[in-house]
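These notes concern the structure reproduced below.
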Number of protein chains: 2
Amino acid sequence: MSLTIKLTISPRIINLNCHERNRTKFPAIRPKPIYHSNALNPILYSNKRPGMFQASVSGTVIKSSLIEPDGGVLVDVIVPESERGSKTLEAESLPKARLAKIDVEWVHVISEGWASPLKGFMRENEYLQSLHFNSLRMENGTVVNMSLPIVLAIDDETKESIGSSKDVGLVGPEGDLLAILRSIEIYKHNKEERIARTWGTTAPGLPYVEEFIAPAGNWLLGGDLEVLKPIKYNDGLDHYRLSPKQLRKEFDRRQADAVFAFQLRNPVHNGHALLMNDTRRRLLEMGYKNPILLLHPLGGFTKADDVPLDVRMEQHSKVLEDGVLDPETTIVAVFPSPMHYAGPTEVQWHAKARVNAGANFYIVGRDPAGMGHPTEKRDLYDPDHGKKVLSMAPGLEKLNILPFRVAAYDTVAKKMAFFDPSRSKEFLFISGTKVGTIYLIS
Amino acid sequence: MSLTIKLTISPRIINLNCHERNRTKFPAIRPKPIYHSNALNPILYSNKRPGMFQASVSGTVIKSSLIEPDGGVLVDVIVPESERGSKTLEAESLPKARLAKIDVEWVHVISEGWASPLKGFMRENEYLQSLHFNSLRMENGTVVNMSLPIVLAIDDETKESIGSSKDVGLVGPEGDLLAILRSIEIYKHNKEERIARTWGTTAPGLPYVEEFIAPAGNWLLGGDLEVLKPIKYNDGLDHYRLSPKQLRKEFDRRQADAVFAFQLRNPVHNGHALLMNDTRRRLLEMGYKNPILLLHPLGGFTKADDVPLDVRMEQHSKVLEDGVLDPETTIVAVFPSPMHYAGPTEVQWHAKARVNAGANFYIVGRDPAGMGHPTEKRDLYDPDHGKKVLSMAPGLEKLNILPFRVAAYDTVAKKMAFFDPSRSKEFLFISGTKVGTIYLIS
């Protein structure tokens, strides 16, 4: 049984603008979602540890066939099962820092190597480079992209309780020991400067700032992570949370000769689908034999008026089931990072993390990671700055950037098509015009 | 006749903190300054054009013996005298943009190559890279430092009057045609974002912002400069305004094998002098035979409570005359850039510009280009961030960074000395203690 909801698409969405600029609330009434296991590759989506994959070659280092992870080696700081007991005992003996939910999302991100070569929460040198240069210089002189500060804030009390200890145990919101932070460094959390340099504004109302930075402590705690066991959410979606290592393995198993990643945090609409299918067609024309699409919704914190993850995963699953995207050449997985809504700064993070997962092509939209200005009636970022900044970003030279092409409803062909300026009158950009179908719930 | 004024030095200044954190006004009563011509090298300080130097080797390209300018070639966009007439005629026929005084300072800076490889006011690609990465990637893949946006703001009316013209004539505040801007590009001037990313705050009261950005237009005009004649100020100090080309020639003429630059915007005090002399001693110990000090006061816009340039030049001149610094191994010249007071972001500019002038060592102070927070009772920047950020800055790897050592009054030796923590009680950091002599007026 399949229920298709026809939605009215605003012209901004026709313009392939992913974010809900008008902050229209998602319809409040929705059926309970049903979670699909991904039909593409049951082995891959099992909850077994990466090393247990049938497809794995025991003892070999997992590396990209297509693109190297930043720093050359994919970071994996999850403690091997054999050492878990002793490390947990040690962690119990250490001074503790309590993690908020958002911190756990970052522990997850770091632990699987999305932020490679970052091995833990940033120390001050990394933080400053991130804030000022959006990149890190490695010891060998190479530069990797690192546009968002990935930091752990602590309050005065925690700082005092840590004292001169070199290592700290990290405790989850439920009180469970999650990780050890090694060779720590504590430095000042200048919130104003962090916000100004990350968002390019200090206006009140930035979702990540209001939720997580404003109430956070005045110190940052950096160090190398050892995560006691893989982070799980037990929300029925963990099987979608494939690590970079798992994704790279799957790309290799499918013998992909190009991987193009598509970041989204809202339902796939027909304009997206057109774009993704067209990208594949163009890659084939370029001579690639087997381009694979990584359809990669963001699964961490999003603002209240974005569509919830469970609904999105239902929708993405349906898109594949209905053949709008080809299941043979598409992998749907969840990117565990939280959203900053930091526009040109954040789009670099979105692209860099996908490099670490093995993608060598990245589709960048209009105004990626953008939103409306929190206090003024305008976009917070120039909608073109995202793709411009991304195309010039240090450390991302090896990534192929594919800018969005503008799609609109072609009244002659009676379908979504890429806008052709020579017959502009035949395309519909008018607000309220029905141009798309969003597959919502099966 | 020499008048020496003993000044009470606050402990912050003892700590070699260049800026007037307490915003103490400079004594209002001061004798009329007398301008010295620099005694070191009368030929060098003549007002003749660079090509007229006796020491010049006619027809050879001026290049650093010690360090390459950024981009490999020192930018010089001053129109040769032979073409001045025709270019001026052409400029008169073009749409015009009016320059503010601050814009003329930047025209000066660009025209002589301090900002090499920048050949004009930034186009959007350069602006975005500067804002986000503090650096520019060149066509050959190399990276140069570029931390401050060097931009020209215009208002709606000017934008409209330019229309679709490719070139624009730039008119000085007095109405005189100064330059042509070629192959222009007009893009949005998002002041909030520019301020936030440059200063790390949007708090009201930043001197450069209040004076120049707040009242500026909403568009930025980028393009390649052709400057119709060298910028002069006719304030009796033009002979101090040596171009990077002139400085490089002079370093070569003196057969310098190391050039260490010292940026300042206040009088030299004994702590500075100790530091500069000690740096020379250390360079000699390192094996250099002839290290030359570039004592390089900033000559462009400074905030109202900084010491005026004419007084500072008097003072610096006196310091040399009295042998506090050795005239044989010191060059005093004016750096024509305006101040942003943008701390870690700006210190990169200060260092990069000196690389272009041929310096291969740069002395960085505590809290360089810093100031008090405009609305809060704290430093705007962490005083250690300047040297940390500078030491990691992209494009400045080739520059040797010399961090300040902390000096204080040694009560045993009865003079300024580098602070020795093992006998900390013998050093005076107490406010109001007389520890230094500032040579002010001769």
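Here are some notes:
- Cβ pairs under 8 Å, 6+ apart, first in the stretch A:70-81 and on the phi > 0 side of the Ramachandran plot, second open to solvent by less than 60 Å² (accessible area, probe 1.4 Å): A:G71/A:S116; A:G71/A:P117; A:G71/A:M138; A:G71/A:V144; A:G72/A:P117
Let's see how each residue does on (1) open to solvent by less than 30 Å² (accessible area, probe 1.4 Å); (2) of a type in the set (D, E); (3) under 25 Å from B:K398 (Cα atoms):
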| position | (1), (2), (3) |
| --- | --- |
| B:K87 | no, no, no |
| B:S93 | no, no, no |
| B:D155 | no, yes, no |
| B:I162 | yes, no, no |
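- Filter result for A:Y208 (among the hydroxyl-bearing types (S, T, Y) and farther than 30 Å from A:F419 by Cα): yes
- All of (1) in contact with a Pro (Cβ under 7 Å, 6 or more places away or on another chain); (2) farther than 24 Å from B:T279 by Cα; (3) charged (D, E, K, R) hold for B:D306 with one exception: (1).
- Checking the stretch B:225-245 against the condition returns no match, with no residue being within 14 Å of chain A (Cβ to nearest Cβ) and within 30 Å of A:P344 (Cβ to Cβ).
- Residues satisfying the stated conditions in the stretch A:139-166, i.e. touching a helix residue (DSSP H, G or I) at 6+ places or on another chain (Cβ under 7 Å) and away from chain B (no Cβ under 14 Å): A:I150, A:V151, A:L152
- Residue count for the stretch B:395-442, restricted to those that are more than 21 Å from B:M276 (Cα to Cα), modelled with pLDDT under 80 and small (G, A, S): 4.
- The criterion of being surrounded by fewer than 19 Cβ atoms within 10 Å (Cβ to Cβ) and within 13 Å of chain A (Cβ to nearest Cβ) does not hold for B:A100.
- Among the residues of the stretch A:110-134, those that are outside any loop (DSSP other than H, G, I, E, B), aliphatic (A, V, I, L, M) and either within 14 Å of another protein chain (Cβ to nearest Cβ) or within 21 Å of A:K191 (Cβ to Cβ) (or both) comprise A:L128, A:L131.
- Note on the stretch A:233-255: among residues that are in contact with a Gly (Cβ under 8 Å, 6 or more places away or on another chain) and of a type outside the set (D, E, K, R), the one that is nearest to A:I292 (Cα to Cα) is A:F251.
- Residue within the stretch A:177-184 that is β-branched (V, I, T), open to solvent by 10 Å² or more (accessible area, probe 1.4 Å), in contact with a His (Cβ under 8 Å, 6 or more places away or on another chain) and touching a residue at least 24 places away in the same chain (Cβ under 8 Å) present: no
- Taking the listed residues B:G271, B:G287, B:G299, the one that is under 29 Å from B:E210 (Cα atoms) and small (G, A, S) is B:G299, with no other qualifying.
- Considered as a group, the residues in the stretch A:177-212 that are in contact with a Lys or Arg (Cβ under 7 Å, 6 or more places away or on another chain), more than 19 Å from A:R98 (Cβ to Cβ) and not small (G, A, S) include one that is nearest to the other protein chains (Cβ to nearest Cβ), and that residue is A:R197.
- When B:E426 is tested against (1) farther than 30 Å from A:H189 by Cβ; (2) touching a helix residue (DSSP H, G or I) at 6+ places or on another chain (Cβ under 7 Å), only condition (2) is not met.
- Some residue of the stretch B:251-262 being in contact with a Phe, Trp or Tyr (Cβ under 7 Å, 6 or more places away or on another chain), outside any loop (DSSP other than H, G, I, E, B), open to solvent by 10 Å² or more (accessible area, probe 1.4 Å) and modelled with pLDDT of 95 or more: no
The values are calculated or read from the model by the stated rules, or taken from the named source; none is laboratory data. Because the structure is predicted, anything quoted here is derived from the model rather than measured. Neighbour counts run over all protein chains shown; Cβ positions are idealised from the backbone, glycine included. Side chains are part of the model used for accessible areas, which takes the heavy atoms of the whole protein and leaves out ligands, DNA and RNA. Shrake-Rupley method; radii C 1.70, N 1.55, O 1.52, S 1.80 Å.
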